[in-house]
Amino acid sequence: MAETIKRAATMILIRNREQGRGIEVYLTKRPGTMLFLPGYYVFPGGVMQQEDQNERIFRHCVNQELGVGLSYAVTAIRECFEEVGYLLADLNEAGSGVAAEPNEIRRQLELGELIFHDWVLSGKVRLRTDLIRYYGHRITPRAVSPRRFDTRYFLSIVSLDTELLPCEREVDSGVWMDPREALEKAERGAFKMVRPTMDALADLARFENAEEAFWHGEGVGQPRPHELA
């Protein structure tokens, strides 16, 4: 298989624990039928589409100073919604021709009845880039897969009452976990994970609440030498 490197974006969702100190992070398990990282535990995310680079979309982003290209933020928001049903958008000003119920929007997206970018551009929908933080940049090493991804990571806080609904076609299962527990499972081989996922978990495990993690987390850093080779 010829080597390819595609641009991609990942959204790391965190929340405060319901009781006591500490945070939880949302992990999804990739179906075993996937060509890339089958059965691995990852964060929601996916490949950048050409439409994610449309400058008209950027005008619908609340915060345009993220320290990284807005196309990556649009990709992360779109993929997060498509994969787990979490929509980082303000629909309060949606136009009359725009569906204002997230579950219905997602159903139409899954059936191909609606295109995410057309939906954003057709009404007064604001993408809440003010609720995400740029969290780093990594590249899939050759040793992991010939399908390589040049990925930007983002972080966002989710409220305890938010229900996530994984897409059955793209997600085998989803789980909220203490980052320390998830990291321990990865280190002993119970969970299959790539290094950037483990690096993110190690960073998040240092914090006692989601707000501290959001503002003070060091992120996954920049591509390592073996990722650039």
Across region 193-209, the tally of residues that are part of a helix (DSSP H, G or I) and of a type outside the set (S, T, N, Q) stands at 9
In region 206-229, residues that are among the aliphatic types (A, V, I, L, M) and over 15 Å from Tyr135 (Cα atoms) total 2
Scan region 210-229 for residues that are assigned to a helix (DSSP H, G or I) and in contact with a Leu (Cβ under 8 Å, 6 or more places away or on another chain) and report the count. 2
Tell me which residues, restricted to region 18-72, are closer than 30 Å to Phe191 by Cβ, of a type in the set (Phe, Trp, Tyr) and out of contact with any Asp or Glu (no Cβ under 9 Å at 6 or more places or on another chain). Tyr26, Phe36, Tyr40, Tyr41, Phe43
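Specify which of the listed residues (Thr28, Thr4, Thr10, Thr75) is surrounded by fewer than 18 Cβ atoms within 10 Å (Cβ to Cβ), of a type in the set (Ser, Thr, Tyr) and in contact (Cβ under 8 Å) with a residue 12 or more places away in the chain.
Criteria check complete, one pass: Thr4.
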Take the residues in region 90-102 that are modelled with pLDDT under 85 and surrounded by 12 or more Cβ atoms within 10 Å (Cβ to Cβ); name whichever of them is nearest to Thr162 (Cα to Cα). Pro102
By residue number, the members of region 120-157 that are buried (at least 20 other Cβ atoms within 10 Å of the Cβ) and assigned to a loop (DSSP other than H, G, I, E, B) are Val125, Thr140
If the Cβ limit is 9 Å and pairs must be 6+ apart or interchain, which residue in region 32-59 that is loosely packed, with under 13 Cβ neighbours inside 10 Å pairs with which residue that is among the hydrophobic types (A, V, I, L, M, F, W, C)? Glu55/Leu70; Arg56/Val120; Arg56/Leu121
Restricting the first residue to region 187-207 and requiring it to be of a type in the set (Lys, Arg), which pairs with a second residue that is surrounded by fewer than 18 Cβ atoms within 10 Å (Cβ to Cβ) meet a Cβ separation below 6 Å and a spacing of at least six or different chains? Lys192/Gly39
The residue that is surrounded by the fewest Cβ atoms within 10 Å (Cβ to Cβ), considering only those in region 200-229 that are under 17 Å from Val68 (Cβ atoms) and of a type in the set (Gly, Ala, Ser), is Gly221
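One residue is enough: does region 127-134 have a residue meeting the conditions of a type in the set (S, T, N, Q) and modelled with pLDDT of 90 or more?
Checking region 127-134: at least one residue is of a type in the set (S, T, N, Q) and modelled with pLDDT of 90 or more.
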Filter region 5-37 for residues that are closer than 18 Å to Ala205 by Cα and of a type in the set (A, V, I, L, M, F, W, C) and give the result. Met11, Ile12, Leu13, Ile14, Ile23, Val25, Leu27
Give me the pairs: first residue in region 148-164 and touching a residue at least 24 places away in the same chain (Cβ under 8 Å) and more than 14 Å from Gln222 (Cα to Cα), second residue basic (Lys, Arg) and part of a strand (DSSP E or B), beta-carbon distance under 8 Å, and six or more apart or on different chains, which are they? Arg148/Lys6; Leu155/Arg133; Ser156/Arg133; Ile157/Arg15; Val158/Arg15; Ser159/Arg15; Leu160/Arg15; Thr162/Arg15
Within region 57-79, track down each residue that is closer than 17 Å to Ile115 by Cβ and either basic (Lys, Arg) or under 9 Å from the mean Cα position of the chain (by Cα) (or both). Thr75, Ile77, Arg78, Glu79
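The values are calculated or read from the model by the stated rules, or taken from the named source; none is laboratory data. Keep in mind that what you see is a predicted model, and the values were worked out from it rather than measured. Cβ sites come from the backbone with ideal geometry, for glycine too, and all protein chains shown count toward neighbours.
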